[in-house]
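Read through the structure below, which is laid out as structure tokens, and then see the notes.
The values are calculated or read from the model by the stated rules, or taken from the named source; none is laboratory data. What you are looking at is a predicted structure, and each value in this text was computed from that prediction instead of being measured. Glycine also receives a Cβ, built like all others from the backbone with ideal geometry; neighbour counts cover every protein chain displayed. Only protein heavy atoms, including side chains, enter the accessible area calculation; ligands, DNA and RNA are left aside. Shrake-Rupley method; radii C 1.70, N 1.55, O 1.52, S 1.80 Å.
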Amino acid sequence: MSKLKEFICIFKLIPFVFLAFQTLASESMKDYVRPFNAEEYKKKEIYTEVQINAVGNGVDRSYVIFPQRSNVKDLPLVIFMHGWLGTNPKNFGAIIDHLARRGGVVIYPVYQRNEKDAPQKIKEIAQKSILTALAWIDQNHPGMVRKESALYYGFSIGATTAVNLVAQIKENELPPAYTLLLTSPGDAKHVHRGDLSKSILEQGLNTLPVSLPIILMSGSEDTQIGVPTAYAYWNQMCHQKRLKNLIIYPPGKSSNQDIHSGHGMPGAPDTRYDFPDIDTTFHPVILGAQEKFPESVSLNNLDYYGTWKVITSTFDSLKLNTPLPQWLFQSSSELKNLGHFENGQPFPQAYLEESCPAKIPSRFK
């Protein structure tokens, strides 16, 4: 065969080779995009009803959310620490509800009454409230929850409170931490001035056991609270040989959507979880299934492909007692990809910090 004919044959094969690579890339992308759209999340909900109970009153109250089914046993535990004045679980109702329907028990301690409260007292109140909730579970639903380890999730000042709880887990008599997820972390200086603005962080993240995985998350537009605090916490422990990551989520804009990544970015509201009064008698609530998640501008790509991706992947590993996915702790496509807008336009990718120590990129200031 002449060299010209060989060249022509090879040239004709190029489109097929390109198509093969394109197909492989497309299928690879589907592998981590598909499980994180709203419809696929719904498919993971194995319980049709959830029950909500309130244990205690006032600042000592905790909401306990779990699958409504008799004789459920050995369910994974999520300790959910809200932000300043976030005593009403409504603002995180969608993700709380999803975790319960996915097969978990969520404890949501109130630990606060109003803006005059001292942030320095939050940890002690939360610790007692969680223990009371666990005792209530043992008495009313023995064996329902697995207490050997728990997923600790904290938002804003609740993130720093979660660190404090985990740092003294034995002293606090709480379930050991399986993973620590900190979103838009904040501190007392972000909510108070004067003496009450003194940092509530009792010890650095570098003092936590290196066997404890830690993931920090913040929106890039959260320039006053989440970003600087997340970087400060990252620099405390980035040199350690632990499973860790720092994820910064960008805003995104298309022809018909404008999604922001400010301090409230992790919020996922559900009005069925609107319980504003922490002092009145609470009667148990049973919620049936909903075909779709609530319609809200606050429930978007930064939830499904962002924070929810991290929370649910961690939760599933705890539930199934399997190793955490390694892509959670790498500069991975799975974490960077934030899906598409409704019009099909790709959403901007998340930024994963790899430097140690790290400086805040100028575009996040």
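Residues that are open to solvent by less than 10 Å² (accessible area, probe 1.4 Å), closer than 12 Å to F315 by Cα and not in a helix (DSSP H, G or I) within region 80-114 comprise G103, G104, V105, V106, listed in sequence order.
Exactly one residue out of S254, S184 is surrounded by fewer than 20 Cβ atoms within 10 Å (Cβ to Cβ), under 30 Å from V297 (Cα atoms) and either modelled with pLDDT of 95 or more or under 18 Å from the mean Cα position of the chain (by Cα) (or both), and it is S254. Here M237 does not qualify as closer than 21 Å to N337 by Cβ and open to solvent by less than 20 Å² (accessible area, probe 1.4 Å).
When only residues in region 289-313 that are in a loop (DSSP other than H, G, I, E, B) and of a type in the set (A, V, I, L, M, F, W, C) count, which is most open to solvent (accessible area, probe 1.4 Å)? Among them, the one singled out is V297. Listed conditions (1) touching a residue at least 60 places away in the same chain (Cβ under 8 Å); (2) open to solvent by 10 Å² or more (accessible area, probe 1.4 Å); (3) within 26 Å of A135 (Cβ to Cβ); (4) assigned to a helix (DSSP H, G or I) are all met by K170, apart from (1).
Per the conditions (1) in a strand (DSSP E or B); (2) open to solvent by less than 10 Å² (accessible area, probe 1.4 Å); (3) closer than 25 Å to L208 by Cα, the sole criterion not satisfied by S149 is (2). When each of I286, I278 is tested for being at pLDDT 95 or above and open to solvent by 50 Å² or more (accessible area, probe 1.4 Å), the lone residue that passes is I286.
Please tell me if L77 is in contact (Cβ under 8 Å) with a residue 12 or more places away in the chain and surrounded by fewer than 17 Cβ atoms within 10 Å (Cβ to Cβ). No, not satisfied. Within the set Q349, Q326, Q345, Q330, the sole residue that is free of Cβ contacts under 8 Å to residues at least 24 places away in the same chain and of a type in the set (S, T, N, Q) turns out to be Q326.
Residue-wise test of (1) farther than 23 Å from N164 by Cβ; (2) not in a loop (DSSP other than H, G, I, E, B).
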| site | (1), (2) |
| --- | --- |
| I200 | no, no |
| N206 | no, yes |
| L216 | no, yes |
| T223 | yes, no |
| N245 | no, yes |
| P266 | no, no |
